[in-house]
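Enquirer: Pasting a structure here, questions to come.
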Amino acid sequence: MIIKREEIEKLATLSRISIDEKTITDVTERLSSVLDLVDQLKTANTDSVQGISRPFQVSQRLREDKVTESNQRDKFQAIAPATDNGLFTVPKMID
Amino acid sequence: MNWETVIGLEVHVQLATKTKIFSAASTSFGAEPNTQACAIDLAMPGTLPVLNEQAVHYAIMFGLAIDAEIGKTSVFERKNYFYPDLPKGYQTTQLEKPIVGRGAVAIQLADGSTKSIRIHHAHLEEDAGKSVHEGDLPHGSSGVDLNRAGTPLIEIVSEPDMRSIEEAVAFAKKLHSIVTSIGICDGEMSQGSMRFDVNVSVRPMGTTKLGTRTETKNLNSFKFMEEAIEKEVERQIDVIEDGGTIRQETRLYNGDTKVAKAMRSKEEANDYRYFPCPDLLPVIVSDETIEALRRALPELPDARQARFVEQYALSTYDAGVLSSDASTASFFETVATHCGNPKLAANWTMGELSAALNNAGLGFADSPVSADQLAGMVARIADNSISGKMAKQVFEAMWQGGGNADEIIDAKGLKQVTDSGALEKIVTDVLDSNPTMVEDFINSDENKRKKKLGGFMGQIMKASKGQANPQQVNQILLQKLNELL
Amino acid sequence: MHNYTIAELVKGLQSKQFSSVELTQHFLARISQFNDQYNAVITVTADQALQAAQLADQRLAMGSAPALCGVPLLHKDIFCTKGVRTSCGSKMLDNFIPPYNATVVENFEQAGVVMLGKTNMDEFAMGSSNETSFYGPVKNPWATDCVPGGSSGGSAAAVAGRLAPGATATDTGGSIRQPAALCGISGLKPTYGRVSRWGMIAFASSLDQAGPMARTAEDCALLLNCMASFDDKDSTCVDRDVPDYSASLNKSVKGLRIGVPKEYFSEGLHPGTEAAVKKALADLEAQGAELVEISLPNSDLSVPAYYVIAPAEASANLSRFDGVKYGYRCENPKDLQDMYCRTRSEGFGEEVQRRILIGTYCLSAGYYDAYYGKAQQVRKLIEQDFVNAFNDVDLIVGPTCPSPAFKFGSKGDDPVAMYLEDIYTIATNLAGLPGMSVPCGMVEGKPVGLQIIGNYFDEARMLNLAHQFQQVTDWHTQAPEGIS
């Protein structure tokens, strides 16, 4: 299956990855190869099979509503790319 | 052409838990930026969510309050998009299997009618952080505060059952009333505890096909919601009447500048790629848990309203106003039981006190005049010690921190004159010293006489320095004048 | 000292034959001497290790130290280590120093285990050859022109090269078992939920599971005793008692019913590997185990299902690497979108980007049902195959991977060739079952791995079989050339 260039571009936008002109052909070719592999799924007869999203179904444990975390901002922000007055900073968001 | 407005609401309600939905960091409002964002809230590598039991219980309580189906197995999913205030790059929310299924909320309209608004479902999810664009930031930068990230929310999604702004506002207020009454939300609109997304469309009156809708997001007051809907309905009608078509779009309304605008299509070109969150297991709620929460559910606004009508002989309207939220209701009940006159208690709670609180931007819980103080004053009105007019002075003094009603009444010498001998003397004096007015009264016809009574009352009250009991004065005055006819 | 097993080291430490400091110094010296050949270790924490060793010696002197106290280990660089760079093999996290420990790291620290450093790995555990690491490929100690397998290739090569007696690793589709096989060591992927995932950087959350690597099954048991624990910080961690995995190692395997899946001996299996595995099966039969041919009919669908599910989960798991809170951020972004796109394109390598794109594709509108939905159904079929098989047999045994270690670059440009390397290991991750690999032969001077798959939480029985196999074979004692 050959994935279209526009589709690759849409995927790149959705996943915030830039693909440059030089590599887009290679990327397309390799993704198509992987999709050929996964397309084998279509041969499976899964009529009336209830899919599973994890190995076994147990139920979610619930946590008591008690504050146990304390302020560790300095520790966390020491490893942040950019901060200012306790805020993480990013290039201006436009709205 | 006449147009019909069709409105549906998505309401985000912050749950009043102590900690985040998936972490044990505090949710308290107003902390320094990022001081309440722990490793999980920051989406540090390798961190994992664990669900807050209280958030689940609060969501179920809401479901029980609106008589909805409770999702005995609900599933969290990831909604994928990039934004700096969304630390994981996905929001953990529910889609296919929400915790609260179909239900309904009854609203009361001004004409006394009621209407049922269907709830499609309500689901649990996490709030995002806050983006900061103003202030002392480096040039070309925005700031991100993740204190709010991970605060538990329920998103309540209504069916498009509302046909007017009045209905939409009544619905929003009713939800506010329910969530505060059952104690799952603090109801502080100014802190973003409740936010509304409104879906609006219009169609020619009498048709049944829904028009194309737009969604105006993130309105954080009833007033802004009302304004936004009003503007959007006008805009849509204008577009259609000018021969245009409505585009399905997401819009923003700025309540401060009163400007509404569409988000750029690029910003909304999203494909959220929902899928079940593998870090969280299905949430299974037992019948025992549901029944225990049902038994412990605080009184709901509708039940409280009915009880107020029954127990305090209030009008349906007054009972509705006083039962709308838990703090108002409990304030009123304290006043009513302590002063022994529910009707007067209702008038003062809804009237003078409510207006003063509104002006000061305070809630009943923070009222400078306590329920006991107000009850003390109402009791003095009820036993005729003070007049309504005097009560206003007493109230003003209590508001300023002047102490209890009795102390203020004593200090200001506000005792009402109820001794009939004394009152008769005052009335006689006034009549004697105003012969022309009396002459005029006698020569007037029935209707005009009634109006002229006010003139005498004014003089008498002035002569008594406002301390005469008005009802008694009125009686004596009528008697004396009738004798002259 | 580096040829001692962990079991022997424990005895030596407790009998004061040598101290933890001596042991730690010995392995640190080996790392500094030989790591250049293998590129297996990417961070060495010498000072910290010596301090920990001193503390361990004090605990040992007091006489009540836990079993593993004083034993040096390496951690795969996917486990967060407080104060020590945790890169996950990526430029994205080259500067990331976590302020917290993974539960696995914490468990070992509590037990007095000495961390020597962090091992190299495929970037974000995505790879089967260790060629995707930002820090360069790891070399197989048996043949340095060959790959060690992946993604836990650094841990496997370090253990095979005697740079440490054991190491932690993780397995999403075979990342413990395949490198263990290719490097001639023992490695175990426990049942999903047996070991906490807290602090372990996620690749595909419903498949990832941490486990031990060592030279013997006995050592794997010792390590798993410490690694497995209930952890309420991981919602998927199962609250179930941890048995003493060492206790049942010496049980007889007589009468044990071993399923041999016919689908694991089809075309694509290297004849040398096949012969070694069949010989091993014969050895087990000679020990009294009963061999039963079984069928896992949906085996051929496991790789396609995996390459939908794993990338789908990864595409979301890796969204947090956006240059905002930690890790890499591109230079001089011109706006927000530029920051996102360049940070992620510069910070992630090619294979990681490819898997993010595939995962995004499989989840996107219009494709979800055909890919993700279908893969979930196939996952159910695969799980059911195992459930049916375990109605009849106690364990399943077959090859770990189709062929011995291959040369660098030999899989060419087609990612699918590499993906098929995990054809025998992936199904157990999809089903959540435990699997392990032990050395069972040599082909062209390179080791072959025997895979043992157990029923849920049946790690003790797998370790028992593996240990008994190692009582009658010596593949696990062999060392690559040049190690004495």
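Enquirer: Just to be sure I follow the rule: in segment B:420-484, considering lysines 8 or more places apart or on different chains, how many pairs have Cα atoms under 19 Å apart?
Expert: Summing the qualifying lysine pairs gives 10.
Enquirer: Sticking with this structure for a sec: With θ set to phi - 60° and the Karplus curve 6.51 cos²θ - 1.76 cosθ + 1.60, what are the ³J(HN,Hα) couplings of segment C:321-333 in order, to the nearest whole Hz, using x for Gly and Pro?
Expert: Once rounded to whole Hz, the list reads 8, 10, x, 9, 9, 6, x, 5, 9, 4, 6, 6, x.
Enquirer: Each label point is 7 Å from the Cα along the Cα-to-Cβ direction; what then is the distance between the points at B:LYS451 and B:GLU188, in nm?
Expert: 5.4 nm
Enquirer: What whole number of Å gives the distance from the Cα centroid of segment C:412-439 to the Cα centroid of segment C:299-323?
Expert: Their Cα centres are 14 Å away from one another.
Enquirer: So, one more: Quote to one decimal, in nm, the extra length available between B:ASN270 and B:THR212 on full extension: 0.36 nm per residue of separation minus the C-alpha distance between them.
Expert: Net length gain for the segment: 19.0 nm.
Enquirer: A further question on this structure: Normalised by the empirical 2.2 N^0.38 Å for globular proteins, what value does the Cα Rg of segment C:216-339 take?
Expert: Rounded to two decimals, the normalised Rg is 1.67.
Enquirer: Next up: What ranking of C:ARG215, A:ARG30 emerges when the number of other C-beta atoms within 10 Å of each C-beta is taken as an exposure proxy, fewest first?
Expert: Final ranking by Cβ density, sparse to dense: A:ARG30, C:ARG215.
Enquirer: Want the number for B:SER221 to B:ALA411: 0.36 nm per residue separation, take away the alpha-carbon distance, what's left? Walk me through the numbers on the way to the answer.
Expert: Working: separation 190, 0.36 × 190 = 68.40 nm, distance 4.25 nm.
The span from B:SER221 to B:ALA411 would gain 64.1 nm if fully extended.
Enquirer: Write down the Kirkwood hydrodynamic radius of segment C:306-431, to one decimal in angstroms, obtained as one divided by the mean of 1/r over all alpha carbon pairs. Could the numbers behind the result be given before it?
Expert: Numbers: mean 1/r = 0.0576 Å⁻¹.
Kirkwood radius, segment C:306-431: 17.4 Å.
Enquirer: Tell me, how many Å apart are the Cα centres for segment B:214-268 and for segment C:72-148?
Expert: When both Cα centres are located, 52 Å separates them.
Enquirer: Now for a different question. Enumerate the amide H contacts of C:THR144 below 5 Å, restricted to partners 5 or more residues apart or on another chain; note that Pro and chain-start residues carry no placed amide H.
Expert: none
Enquirer: In addition: What average number of partner chain Cβ atoms lie no more than 10 Å from the Cβ of the residues making up B:76-82? List each step's numbers first, then the result.
Expert: Working: counts 2, 1, 7, 1, 9, 3, 12.
Mean number of neighbouring Cβ atoms from other chains: 5.
Enquirer: Then there is this: Among B:LEU485, C:THR172, C:GLN478, pick out the residue whose Cα is farthest towards the positive end of the charge dipole of the protein assembly as shown, where Lys and Arg carry +1 and Asp and Glu carry -1 on C-beta, about the Cα centre.
Expert: The residue sitting most towards the positive pole is B:LEU485.
Enquirer: Throw me the Rg/Rh for the protein assembly as shown, computed over C-alpha atoms with Kirkwood Rh, two decimals.
Expert: 1.13
Enquirer: Evaluate the charge dipole of the protein assembly as shown about its Cα centre and quote only its size in Debye, nearest 20, assuming +1 on the Cβ of each Lys and Arg and -1 on the Cβ of each Asp and Glu.
Expert: Once rounded to the nearest 20, the dipole reads 560 debye.
Enquirer: What average count of beta carbons from other chains do you get within 10 Å of the Cβ of residues in B:84-92?
Expert: 5
Enquirer: Report, to the nearest 10°, how far helix A:5-14 tilts away from the longest principal axis of the Cα atoms in chain A, using its own Cα long axis and a range of 0 to 90°.
Expert: So the helix axis and the longest Cα principal axis differ by about 20 degrees.
Enquirer: Obtain the nm distance between the two label points defined at C:SER484 and A:ASN71 by a simple spin-label model: each point lies 7 Å from its Cα along the Cα-to-C-beta direction.
Expert: 6.3 nm
Enquirer: Okay, next question. Residues of segment B:208-229 with amide nitrogen under 19 Å from the 7 Å Cα-to-Cβ point of B:ASN254?
Expert: The answer is B:216-221, B:223-229, whose backbone nitrogens lie closer than 19 Å to the label point.
Enquirer: A further question follows. Compute the acute angle (0 to 90°) between the alpha-carbon long axis of helix B:470-484 and the principal axis of greatest extent of the alpha-carbon atoms of chain B; round to the nearest 10°.
Expert: 40 degrees
Enquirer: Then there is this: Using 7 Å Cα-to-Cβ label points, what is the A:SER59/C:ILE97 separation (nm, one decimal)?
Expert: With each label point 7 Å from Cα toward Cβ, the separation is 4.5 nm.
Enquirer: Additional query: Would you tell me the mean number of C-beta atoms belonging to other protein chains that fall within 10 Å of each C-beta in C:338-350, as a whole number? Could the numbers behind the result be given before it?
Expert: Details: counts 2, 6, 10, 8, 3, 4, 6, 7, 1, 0, 2, 0, 4.
Per residue, the number of nearby Cβ atoms from other chains is 4 on average.
Enquirer: Which order results if C:TYR367, B:TYR317, C:TYR361, C:TYR100 are arranged by neighbouring Cβ count within 10 Å, fewest first?
Expert: On the way: C:TYR367 17, B:TYR317 14, C:TYR361 27, C:TYR100 22.
With the sparsest Cβ surroundings first, the list reads B:TYR317, C:TYR367, C:TYR100, C:TYR361.
Enquirer: Separate question: Ignoring everything except DSSP H segments at least 4 long, calculate the 222 nm mean residue ellipticity for the protein assembly as shown; use -39,500 (n - 2.57) per segment, divide by total residues, nearest 500.
Expert: -12000 deg cm²/dmol
Enquirer: Right, another one. For A:LYS22, which lysines qualify as cross-link partners when the Cα separation must be under 24 Å and same-chain residues fewer than eight apart are set aside?
Expert: Of all the lysines, those that pass the test against A:LYS22 - Cα under 24 Å, at least 8 places apart if same chain - are A:LYS4, A:LYS10, C:LYS91, C:LYS334, C:LYS411.
Enquirer: For segment B:420-484, which semi-axes, largest first and in whole Å, follow from the square roots of 5 times the eigenvalues of its Cα gyration tensor?
Expert: The equivalent ellipsoid of segment B:420-484 has semi-axes of 19, 11, 11 Å.
Enquirer: Here is a follow-up. Treating the beta-carbon of each Lys and Arg as +1 and of each Asp and Glu as -1, no other charges, what is the dipole magnitude of chain C about its Cα centre, to the nearest 20 debye?
Expert: 600 debye
Enquirer: Ok, one more. Among the lysines, which have Cα under 20 Å from the Cα of B:LYS343 when same-chain residues fewer than 8 positions away are ignored?
Expert: Within the straight-line cut-off, B:LYS343 pairs with B:LYS389, B:LYS392.
Enquirer: Please report B:ASP242, B:ASP67, B:ASP145, C:ASP322 as a ranked list, fewest other C-beta atoms within 10 angstrom at the top and most at the bottom.
Expert: Sorted ascending by nearby Cβ count, the order is B:ASP242, B:ASP67, B:ASP145, C:ASP322.
Enquirer: B:SER327 to B:VAL239: FRET efficiency via 1/(1 + (r/R0)^6), r the Cβ-Cβ distance, R0 45 Å, to the nearest 0.05? Kindly include the intermediate steps, with their values, before the conclusion.
Expert: On the way: r = 43 Å, r/R0 = 0.96.
Taking R0 as 45 Å, the efficiency between B:SER327 and B:VAL239 is 0.55.
Enquirer: For segment B:373-389, what does the Karplus curve 6.51 cos²θ - 1.76 cosθ + 1.60, with θ = phi - 60°, yield as ³J(HN,Hα) per residue in whole Hz, taken in order and with x for Gly and Pro?
Expert: Calculated HN-Hα couplings, in order: 4, 4, 4, x, 6, 4, 4, 6, 5, 4, 8, 6, 5, 10, 8, x, 5 Hz.
Enquirer: Normalized C-alpha radius of gyration of segment B:4-74, against 2.2 N^0.38 Å?
Expert: Ratio of Cα Rg to 2.2 N^0.38 Å: 1.43.
Enquirer: Something else about it: Would you mind getting me the FRET efficiency between C:ASP244 and C:LYS334? Use the beta-carbon distance for r and R0 = 45 Å, nearest 0.05.
Expert: 0.15
Enquirer: Another question about this same structure. Tabulate in residue order the Karplus-calculated ³J(HN,Hα) for segment B:40-48, using 6.51 cos²θ - 1.76 cosθ + 1.60 with θ = phi - 60°, rounded to whole Hz; enter x for Gly and Pro.
Expert: With the stated coefficients, segment B:40-48 comes to 5, 5, 8, 6, 5, x, x, 7, 9 Hz.
Enquirer: Also, I was wondering about something else. Treating cross-link reach as a plain straight distance, find the aspartates and glutamates whose alpha-carbon is under 14 Å from the alpha-carbon of C:LYS16, omitting any fewer than eight places away in the same chain.
Expert: Reachable aspartates and glutamates: C:GLU8, C:ASP57.
Enquirer: Moving on. What residues qualify as long-range amide H neighbours of C:VAL443, i.e. H under 5 Å apart, gap of 5 or more or another chain, H built at 1.01 Å from N?
Expert: Correct list: C:VAL448.
Enquirer: Past 19 Å, Cα to Cα: identify those pairs from B:LYS217/B:LYS261; C:LYS76/C:LYS139; B:LYS97/B:LYS217, in the order given.
Expert: In this structure, B:LYS97/B:LYS217 lie more than 19 Å apart at Cα.
Readers should treat all values here as calculations from the given coordinates under stated rules, not as data from a laboratory. Note that the structure is a prediction, hence the values are computed from the model and not measured. Every residue, glycine as well, gets a Cβ built from its backbone with ideal geometry; the counts of neighbours run over all protein chains shown.
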